[in-house]
Every structure is written in C-alpha cells, then in structure tokens.
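Read the structure below first, then the notes.
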Amino acid sequence: MSDETAPAFVDTNVLVYAFDKSPTPKKRIAERLMLELMDQDRLRVSTQVLQELFVTLTRKVSQCCSSEEALAVLEDLAAWPLMTVDYAAIRAAGGLAHQVKLSFWDALVVVAAARTGAAVLYTEDLNDGQEILGVRISNPFAEK
C-alpha cells in the first residue's frame, strides 16, 4: 500500500487549524488536507487527539467554540476509524519517548498512528520527513 492510499493519521494541531473559526492560511491548508483524506477514506485519529481537540477548541483558540459545537466536530471525526488509547499504547509510548527523545504525548500520537496502520502522520510538532515506527512525519504547513 502506497502513502497515497494508506491510512493517514492527523494530529491535534492540524485539526485545530481545520476547525478553528479564525481564517488563516493554515486553516485553508488543513481544511484541504482533511477533505482529501476523507474523500479517499484515509483519515485516522485517536481518543487522545479528540480530547485535546475538544479542550483547544473550547478554551484555547481566539474564537472559542461552544461545547456543543466542539462535540459536533468530535462526533464527525469519531465516525472514522478511531484508535482508543489503552494501557498497552501508554506503555509503548513511554518506551518510545525515552528511546527517540520525544515528549510522552508526541510519542503517544506516533504509537496511535502506527497502530492504525498509518503510513503518514500529519503534524507540525515533529520533524518533517522523519520516520518513527514505520510512520513518516509530514508537516502540511512546511514549505516543500
């Protein structure tokens, strides 16, 4: 399966840009990416990502969503294959964080991406082009 047909995992930061009410250049890029992944049935996320997205959309962006608006976004995203963070994922992330020198939370995202079979993890938090656990990191906002 090629990167163009394999599942793709999307980190919280990309989703925040896609669903934030503020118009920004990153919003357009994130929206375009989300539409492409959904059209191709490739979108994957985790329970961690949904939790972080809810908190960010309701408390941390310049134009916050109501709880109802944020839950509607989460409801739409939860319709896609959802990786539930369990203790095995937490344990794997703890080991990976130490091994690769990542924050625990970033390691948990990488573990979740790998467990969904994602070939690509879209995030701006890790090094563009790096490969971890067989998942290629891609920053959709980086100048290519």
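Filter region 120-135 down to residues that are over 13 Å from the mean Cα position of the chain (by Cα) and touching a residue at least 24 places away in the same chain (Cβ under 8 Å) and give me whichever is surrounded by the most Cβ atoms within 10 Å (Cβ to Cβ).
Taking the candidates together, the pick is Ile132.
Can you say whether Thr5 is touching a residue at least 24 places away in the same chain (Cβ under 8 Å) and of a type in the set (S, T, N, Q), as far as the supplied structure shows?
Against the criterion (touching a residue at least 24 places away in the same chain (Cβ under 8 Å) and of a type in the set (S, T, N, Q)), Thr5 qualifies.
Could you say which residue among Ala30, Ala18 is free of Cβ contacts under 8 Å to residues at least 24 places away in the same chain, assigned to a helix (DSSP H, G or I), of a type outside the set (Asp, Glu) and touching a strand residue (DSSP E or B) at 6+ places or on another chain (Cβ under 9 Å)?
Going through Ala30, Ala18 in turn, just one is free of Cβ contacts under 8 Å to residues at least 24 places away in the same chain, assigned to a helix (DSSP H, G or I), of a type outside the set (Asp, Glu) and touching a strand residue (DSSP E or B) at 6+ places or on another chain (Cβ under 9 Å): Ala18.
How many residues are closer than 18 Å to Lys21 by Cα, assigned to a loop (DSSP other than H, G, I, E, B) and small (Gly, Ala, Ser) if we restrict to region 56-87? Show your work before the answer.
Of region 56-87, the ones closer than 18 Å to Lys21 by Cα are 56-77.
Checking which are assigned to a loop (DSSP other than H, G, I, E, B) leaves us with 61-66.
Filter once more, so that each one left must be small (Gly, Ala, Ser): 62, 66.
Qualifying residue count for the region: 2.
Taking the condition of being in contact (Cβ under 8 Å) with a residue 24 or more places away in the chain and in a helix (DSSP H, G or I), how many residues in region 88-111 meet it?
Counting residues in region 88-111 that are in contact (Cβ under 8 Å) with a residue 24 or more places away in the chain and in a helix (DSSP H, G or I) gives 7.
Looking only at region 36-55, count every residue that is over 13 Å from the mean Cα position of the chain (by Cα) and touching a residue at least 40 places away in the same chain (Cβ under 8 Å) and tell me the total.
Residues that pass the stated criteria total 1.
No lab work stands behind these numbers, since they all come straight from the coordinates. Since the model is a prediction, treat every value here as computed from it, not as a measurement. In this analysis, Cβ positions are derived from the backbone assuming ideal geometry, glycine residues included, and neighbour counts consider all displayed protein chains.
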